[in-house]
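**Q** Dropping the structure in here first, questions after.
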Amino acid sequence: MARIVVDEERVRLATGAGSAGGARSAQALGDEVVARLEALEASAGPTRVINASGVIVHTNLGRAPWPAAAVRAARDAAEGTLFLELDRSTGRRGRRYREAEEHLVALTAAEDALVVTNNAAAIALAVGLARRGGVAVSRGELVEIGGGVRIPDIVRRTGARLVEVGTTNRTRVGDFREVLADGRVKVVLRVHPSNFRQEGFTESPDPRELADAAHAHGAILVDDLGSGALLDTAAFGLAHEPTPAERLADGADLVTFSGDKLVGGPQAGFVVGRADLVATLRKDPLARAMRPDKSVLAAVAATLALYRAGVATREIPVWRQLGAPVEELHARAAAIVARVPGSRVAEVRSTVGGGSLPGETQPSRAVAVEVASPDRLLARLRVGTPAVVGRVEAGVVLLDLRTVEPADDDGLANALAGALAPAREPRG
């Protein structure tokens, strides 16, 4: 920090900015260094944002907000020590913190489970079981999963040989049988379309039939579910999202999915399925490079425990927001509108987001404001305290209440009133 302050002083003097007052004293420069260091110590970390965008799992806003139990578990793990790899009964080294994996086994009826850093890591490990053999994937599932990362790239990066099957819109079990016949395909990879949707003249293999075909030729079936719902999304008025338990029951050997999408917890990747295959993955040297730290493991375990306790819809923000009744959202929006002149309640539709349930929406309510420059109002909301992210539809600024926690309603109302106060510009 001292070098930074001195370098800035040199630039100031060289550009003539300091000609009036001259060079500052060593004491003044020292005071500047101390002030900046104190500012670093007092830093509150990342800026917290009220998500009023209507996108529940917003990738650019950190995806799923953690349940309170996960926050407490992560804090406790970070602040102290825990039995991470020490067997409590014997006092000897044991398996790395198994609680999260035991929850996954119970929730999915898998034989074993493994937790890694994210779902891309889970897919890479699972596909790596092919070694130098072939990995068969339908051409309609050679997708980009985000951040420019594509399924073909992951397969090739493991050293396996990509075998494309069928066509973009129609792939049958018979297409897989053809490439499985010579025994060179070791893994069949099924990629669930969790972040895209095909319509029209389409066809895809039945999961059970595909598993049977793979097993008949000595190959294993890896089923990537992406968002990986642990509850039935149809109960929330959305399309049914296949669950890991369903895909295992249909014959998949391994199922991979994310921890920070529909599961509603920290960023993590889960592999569930056959015990022998999971044991092989656990011994893979790359598994060590992909393992989460103690705080993430503790938070994952706490999140999954809420499902086993039967309180996920109440305690996990993603499911709480998915299940919020429209009548309740309307009442909350009306209360905010009563505090902000010129705003109104609008009927809107929110989305799940985060590469989950593409095209699916839910009815919601928003606080709507019409101004001459919607982009300027959104900018004011983003830089305000608290920061707020909304959206614009048909030239109207919308703050969707489905993605706002009730405890943040007061903050949202104050932020909107503050953003409008400097210079309200009525339309027209």
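**Q** Can you tell me which residues in the stretch 168-181 are modelled with pLDDT of 95 or more and part of a loop (DSSP other than H, G, I, E, B)?
**A** THR171, ARG172, ALA181
**Q** In addition: Taking strands (runs of 3 or more DSSP E) that fall entirely within the stretch 79-160, which contain at least 2 residues that are within 19 Å of GLN267 (Cα to Cα) and open to solvent by less than 30 Å² (accessible area, probe 1.4 Å)?
**A** 112-116
**Q** Follow-up question, since we're still on this one. For the stretch 199-211, enumerate the residues that are surrounded by fewer than 15 Cβ atoms within 10 Å (Cβ to Cβ) and outside any strand (DSSP E or B).
**A** Once the filter is applied, which keeps residues that are surrounded by fewer than 15 Cβ atoms within 10 Å (Cβ to Cβ) and outside any strand (DSSP E or B), the stretch 199-211 yields GLU199, GLY200, PHE201, THR202, ASP206, ARG208.
**Q** On to the next question. May I ask you to say which residue of PRO292, PRO285 is open to solvent by 20 Å² or more (accessible area, probe 1.4 Å) and out of contact with any Cys (no Cβ under 8 Å at 6 or more places or on another chain)?
**A** Result: PRO285 is the single residue among PRO292, PRO285 that is open to solvent by 20 Å² or more (accessible area, probe 1.4 Å) and out of contact with any Cys (no Cβ under 8 Å at 6 or more places or on another chain).
**Q** Keeping to the stretch 212-261, report how many residues are in contact (Cβ under 8 Å) with a residue 60 or more places away in the chain, in a strand (DSSP E or B) and either closer than 18 Å to ALA181 by Cα or not polar (S, T, N, Q) (or both).
**A** 7
**Q** Does ALA235 satisfy the condition of being out of contact with any helix residue (DSSP H, G or I) (no Cβ under 6 Å at 6 or more places or on another chain) and surrounded by fewer than 24 Cβ atoms within 10 Å (Cβ to Cβ)?
**A** The answer is yes for ALA235.
**Q** Determine which single condition ALA301 fails, assuming it passes every other condition in (1) farther than 14 Å from ALA70 by Cβ; (2) in contact (Cβ under 8 Å) with a residue 60 or more places away in the chain; (3) in a helix (DSSP H, G or I); (4) of a type in the set (Gly, Ala, Ser).
**A** ALA301 satisfies all of (1) farther than 14 Å from ALA70 by Cβ; (2) in contact (Cβ under 8 Å) with a residue 60 or more places away in the chain; (3) in a helix (DSSP H, G or I); (4) of a type in the set (Gly, Ala, Ser) except (1).
**Q** Sticking with this one: Could you identify the single residue in ALA245, ALA268, ALA312 that is at pLDDT 95 or above and over 27 Å from GLY140 (Cα atoms)?
**A** ALA312
**Q** Which one is modelled with the highest pLDDT among residues in the stretch 23-78 that are of a type in the set (Lys, Arg) and farther than 30 Å from PRO266 by Cβ?
**A** The extreme case among them is ARG24.
**Q** I've got another one for you. Among the listed residues THR403, THR385, identify the single one that is touching a helix residue (DSSP H, G or I) at 6+ places or on another chain (Cβ under 8 Å) and farther than 16 Å from HIS58 by Cβ.
**A** Result: THR385 is the single residue among THR403, THR385 that is touching a helix residue (DSSP H, G or I) at 6+ places or on another chain (Cβ under 8 Å) and farther than 16 Å from HIS58 by Cβ.
**Q** Here's another thing I want to ask about it. Is it the case, given these coordinates, that THR361 is open to solvent by 40 Å² or more (accessible area, probe 1.4 Å), closer than 30 Å to ALA239 by Cα, among the β-branched types (Val, Ile, Thr) and free of Cβ contacts under 8 Å to residues at least 60 places away in the same chain?
**A** For THR361, the condition - open to solvent by 40 Å² or more (accessible area, probe 1.4 Å), closer than 30 Å to ALA239 by Cα, among the β-branched types (Val, Ile, Thr) and free of Cβ contacts under 8 Å to residues at least 60 places away in the same chain - is met.
**Q** Just to be sure before I move on: is VAL296 assigned to a helix (DSSP H, G or I), touching a strand residue (DSSP E or B) at 6+ places or on another chain (Cβ under 8 Å) and within 17 Å of ARG63 (Cβ to Cβ) in the structure I sent?
**A** no
The values are calculated or read from the model by the stated rules, or taken from the named source; none is laboratory data. Quantities reported herein were computed from a predicted structural model and do not represent experimental measurements. Using ideal geometry, Cβ is built from the backbone for each residue, glycine included, and neighbour counts are taken over all protein chains shown. Each accessible area value is taken on the protein alone, full model and side chains, heavy atoms only, with ligands, DNA and RNA left out. Shrake-Rupley method; radii C 1.70, N 1.55, O 1.52, S 1.80 Å.
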